[in-house]
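Every number here is computed from the coordinates shown, using simple stated rules; none is lab data. All figures in this text were calculated on a predicted structure; none of them were measured in a lab. Virtual Cβ from ideal backbone geometry, glycine too; neighbours counted across all protein chains shown.
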Amino acid sequence: MSDTFSINDGIDGTVTWKYLDDGCAILISVVEDDNDIFYIPVQLGSKYKVEGLKISFTSHPSRINQGNCLMGSPIIIDSIPCFDILMTGSGC
C-alpha cells in the first residue's frame, strides 16, 4: 500500500458495487497516480453502501480473508469524517 494510505486527514474514494460479478460485494475505489486502487471495506456501515458515493476516510489494513474478491485489499475504516458535510454539498 502506498504512503497516502495513512494520511490522517483522510483519503478520497468512491464506493462501488460494479464488481459484484467478480466476487466483490462492495469496494472503495481510490485514484492514485492515475490508477484505480481498490479497497475492501470490512463492516462498512449501511448508510455508506451507495453506488457512486464519494467519501473521505481514514483506515488501516485488515488481515481478514478477502474471500473471492481479488480486486482489492481489505481495510478497516477508522473514520469517515466528511460524510455529513459531503451529503449536504458544502464540502469538507
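What the table shows:
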| item | result |
| --- | --- |
| Least to most buried among Phe38, Phe57 (fewest other Cβ within 10 Å first) | Phe38, Phe57 |
| Residues Val50, Val31 arranged by fewest to most Cβ contacts within 10 Å | Val31, Val50 |
